[in-house]
Amino acid sequence: DRQNSVLGDGKANMLRRVFSGMQPTGVPHIGNLFGAISQWVEMQREMMKEPGNLSQQDRSRLMLCAVDMHALTTTPSPAQLRAHTRDLIGTLIACGIDPKHSILYPQSAVSGHAELAWILSCVTPIGRLERMTQFKDKSAKLSSSKVCLGLFSYPVLMTADILLFRATHVPVGADQKQHLELAQSIAVTFNSVYETNLLVQPEPMFSECPRVMSLRDGSVKMSKSDPSVASRIDITDTADEIATKIRRAKTDSINEIYYDPKERPEVANLLRMLSAISKKSTDALVAEFSGQNILQFKEALAQAMIEKLSPIRIEREKILETGYVDEVIVEGTARAREVAEETLVQVKRVVGLL
């Protein structure tokens, strides 16, 4: 028998709950900061202002996860993965995420992620996974012996991450849009198969921040996995490292400053970086640097970047020297398990598991 009467009613009467995650595969860079982390900090600030009985007290409104299980598809060093997971959570705190108002935890500490992923995989057509662009792109770069099942089923685990907490909203970039569409589809399929409305279809929250590109190639996204450290600015970079990387960043032979993403992608990338820091439009920056050359512009960008990142780097170092991150992980994990269990109990009842 179906158990609709105890399963809730989708989004009806639900407060907004946001879920997002980041892989602990290395030190976060400015692309992560401008594209995701800053957005999370702003969401936390806005949620604290929202009316409602739980707006200030219920930390489950914003759930941020170090998705270490996803990182296993690249078989990282165990010690390095543990260190990166802890460092990522410390970095988020240093960037402004307050554990008093949000839940921070490592994905692997909540078994519900894996449990729900298996249940959802049983209603997910293989054809949908075969059409996933990221799987095609990543598998094309590997030999057949290196293409693992985890890489193929990665989107189902990502779907479980979201649906486990009945998230109403998920921040996504352009490269994650297809994954969220799959999550919505799986939620609909599950609800249809089991004649329920338990699983919530999450809505996307698209970032207004343009994608940050490599300092060495304006056509390639800045990445933690790029073997060249000169391609990115890490949150942990010192003032000298930031200045050197920006000074050596690829541009072109034109000395004038103007915004043309198609013809001058590298210069456009640097302008977008300064725009993200200064909150000024690229048009305003072009006017501000009228008559100045690329070197002068790079010096101004480097100074702005140093002023932005130095306090974060210093705070991060202080946090990681203490046991505070471990306390946050223990507390965040306990709360995440509570929220996850609420969903899992109902899912298991619906599908017939004891």
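I need the P(r) histogram for segment 71-189: all alpha carbon pairs, bin width 5 Å from 0 out to the longest distance, whole percents.
2, 9, 17, 19, 22, 17, 9, 4, 1, 0
Label points 7 Å out from Cα along the Cβ direction at residue 258 and residue 345: separation in nm?
In this crude spin-label approximation the distance works out to 6.5 nm.
Give me the one-decimal Kirkwood hydrodynamic radius in Å for segment 94-140, with the sum taken over alpha-carbon pairs. Walk me through the numbers before you get to the answer.
Values: mean 1/r = 0.0716 Å⁻¹.
Hydrodynamic radius (Kirkwood, Cα only) of segment 94-140 equals 14.0 Å.
Have a look at 125, 310, 108 and report the one farthest towards the positive end of the charge dipole of the chain, computed about the Cα centre with Cβ charges (Lys/Arg +1, Asp/Glu -1).
Selected residue: 125.
Given segment 315-354, what whole percent of its Cα pairs are spread farther than 11 Å? Mind showing how you got there, number by number?
Numbers: 538 of 780 pairs.
Summing the P(r) of segment 315-354 above 11 Å gives 69 percent of all pairs.
Can you give the % of DSSP beta bridges in the chain that are antiparallel, to the nearest 5?
On the way: 2 of 16 bridges.
Bridges in the chain are about 10 percent antiparallel.
So how much slack lies between residue 247 and residue 310, counting 0.36 nm per residue of separation and subtracting their Cα-Cα distance, in nm? Show your work: numbers first, answer last.
Values: separation 63, 0.36 × 63 = 22.68 nm, distance 1.77 nm.
Extra length from residue 247 to residue 310 when fully extended: 20.9 nm.
With all protein chains present, calculate the accessible area of residue 272 using a 1.4 Å probe and round the result to the nearest 10 Å².
40 Å²
All other residues with a Cβ under 15 Å from the Cβ of residue 35 taken together, and with Lys, Arg as +1 and Asp, Glu as -1, what is their net charge?
On the way: positive: 177, 211, 221, 224, 232, 272, 308; negative: 42, 175, 208, 234.
In short, +3.
Against the empirical 2.2 N^0.38 Å scaling, what ratio does the C-alpha Rg of segment 201-354 come to? It would help to have the intermediate numbers written out before the result.
On the way: Rg = 21.5 Å, N = 154, 2.2 N^0.38 = 14.9 Å.
Relative to the rule-of-thumb radius for its length, segment 201-354 sits at 1.44.
For segment 207-354, what's the relative contact order in percent, using C-alpha pairs closer than 8 Å and at least 6 residues apart? Write out the running numbers ahead of the final one.
Numbers: 132 pairs, mean separation 30.3, N = 148.
Rounded, it is 20 percent for segment 207-354.
Note the angle between two axes, namely the Cα long axis of helix 149-163 and the longest principal axis of the Cα atoms of the chain, as a number of degrees from 0 to 90, rounded to the nearest 10.
The two axes meet at around 80 degrees.
State, as an integer percentage, the relative contact order of the chain based on alpha-carbon contacts under 8 Å between residues 6 or more apart. Spell out each step's value before the answer.
Numbers: 497 pairs, mean separation 83.6, N = 354.
Rounded, it is 24 percent for the chain.
With a 1.4 Å probe and all protein chains left in place, how much of the accessible area of segment 205-311 comes from carbon and sulfur atoms, in whole percent?
Details: 2750 of 5580 Å².
Answer for segment 205-311: carbon and sulfur cover 49 percent of the accessible area.
Over segment 116-166, what per residue volume does the convex hull of the Cα atoms give, in whole Å³? Could the numbers behind the result be given before it?
Values: hull volume 3.9 nm³, N = 51.
Spread over its residues, the Cα hull of segment 116-166 gives 76 Å³ apiece.
For segment 230-354, with only Lys/Arg (+1) and Asp/Glu (-1) charged at the beta-carbon, what is the dipole magnitude about the Cα centre, in debye rounded to 20?
Details: 19 positive and 22 negative charges, 71 e Å.
The calculation lands at about 340 debye.
Determine the per residue accessible area of segment 219-354 with all protein chains present and a 1.4 angstrom probe, expressed in square angstrom. Could the numbers behind the result be given before it?
Details: 7310 Å² over 136 residues.
On a per-residue basis, 54 Å².
Measuring from a point 7 Å past the Cα of residue 177 along Cα-to-C-beta, which residues in segment 116-144 have an amide N at less than 20 Å?
128-138
Whole number please: convex hull volume per residue of the Cα set in segment 62-140, in Å³?
Details: hull volume 10.6 nm³, N = 79.
Enclosed volume per residue, from the Cα hull, is 135 Å³.
Counting only protein heavy atoms and using a 1.4 Å probe, what share of the accessible area of segment 129-194 belongs to carbon plus sulfur, as a whole percent? The partial results should precede the final answer.
Working: 1640 of 2980 Å².
Solvent-exposed carbon and sulfur of segment 129-194 make up 55 percent of the total.
Mind putting together the pair-distance distribution for the chain? All Cα pairs, 20 Å bins, whole percent per bin, short to long.
Binned Cα distances yield the sequence 28, 55, 16, 1.
The values are calculated or read from the model by the stated rules, or taken from the named source; none is laboratory data. In this text the structure is predicted, and so the values were computed from the model without any measurement. Note that we place each Cβ from the backbone using ideal geometry, even for glycine, and neighbour counts take in every protein chain shown. Each accessible area value is taken on the protein alone, full model and side chains, heavy atoms only, with ligands, DNA and RNA left out. Shrake-Rupley method; radii C 1.70, N 1.55, O 1.52, S 1.80 Å.
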